[in-house]
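A.B. asks: Next up is a structure, given as structure tokens.
Any read-out appearing in this document is the output of simple, stated calculations on the displayed coordinates, not a laboratory observation. Just so it is clear, the model here is predicted, and its values are computed rather than measured. Ideal geometry is used to build each Cβ from the backbone, glycine not excepted, and the neighbour counts take in all protein chains shown.
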Amino acid sequence: MIRLLLALAATVGFGLLLASCNTLSKEECVAADWRVIGESDGAAGYEPQQRFAAHAKSCERVKIVPDQTIWFQGYQTGLVRYCTPLSGLARGQSGGGYANVCPPETASGFLRGFNLGAKQHGLQERLNSMQNDYSSKETEIDELSDRLKDAKDGDRSELRRRIEDLEDDMHDIRRDQRDVQDDLDRVNEDVEWFQRNPSAELPAPGY
């Protein structure tokens, strides 16, 4: 009986996993406006071949074949909205990737924004990671300090040494945080400038 329940649970879980991979529901396939769907996909920056193939796979369940020509016309329209400098900035800031979908005439502007946003995102992530590390060591010091109160003489020196090592680590983290924060402040200034002047090159080199 237990084996049967486990098998059923595994089957249901696998079915849910497959369902979660579908880009469109059965109802969406039946009612699909492929131009609108294509435009939405282009505006989101999806890689076209993979995205359309995923739609086709989703709609096999109801024996519907997507209209690739109409979908691609919509995709091209959406791509115009996606391939802008400010869209690239937002994509980079979100930590998302880039599927190399923008045509040459708009790719450079998109990538200027994308690279700047990605740098801002990366620096913020580093700061967050440092703060988490600092808080973790702070908690560990509190725990060691509590143990120190009731420790035997033979253990006290070892506990103090571990606390001192953690305090040294925290000092190093704070120093590195200041450096990263300085970098982030400069990038934030560049982002503000870029938002006002999305079509111009940044005055500072390197992005």
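A.B. asks: Listing ARG175, ARG162 from the residue with the fewest other Cβ atoms within 10 Å to the one with the most, what is the order?
C.D. replies: Ordered from fewest to most neighbouring Cβ atoms within 10 Å, ARG175, ARG162 come out as ARG175, ARG162.
A.B. asks: Right, here's the next one. Using the count of nearby Cβ atoms within 10 Å as a rough guide to exposure, how do PHE72, PHE52 rank from fewest to most?
C.D. replies: PHE72, PHE52
A.B. asks: Continuing with this model, one more query. Stick to Cα atoms and the Kirkwood definition of Rh, then tell me Rg/Rh for region 14-117. Could you put the intermediate results ahead of the total?
C.D. replies: Numbers: Rg = 15.0 Å, Rh = 14.4 Å.
With Rh from the inverse mean 1/r over Cα pairs, Rg/Rh is 1.04.
A.B. asks: Provide the packing ranking of 127-139, 101-113, i.e. peptides ordered by the mean count of other C-beta atoms within 10 Å per residue, highest first.
C.D. replies: 101-113, 127-139
A.B. asks: Over the chain, what relative contact order in percent results from Cα pairs under 8 Å that are six or more residues apart?
C.D. replies: Dividing the mean separation by the residue count of the chain yields 17 percent.
A.B. asks: What is the mean projected area of the alpha carbon convex hull for the chain, to one decimal in square nanometres?
C.D. replies: Taking the Cα atoms of the chain, their convex hull projects to 20.6 nm² on average.
A.B. asks: Oh, and also: Can you sort TRP71, TRP193, TRP34 by how many other beta carbons sit within 10 Å, fewest first?
C.D. replies: Exposure proxy ranking, most exposed first: TRP193, TRP34, TRP71.
A.B. asks: Looking at region 104-196, I'd like the Rg to Rh ratio, where Rg is from alpha-carbon atoms and Rh is Kirkwood's inverse mean 1/r.
C.D. replies: In region 104-196, Rg relative to Rh is 1.29.
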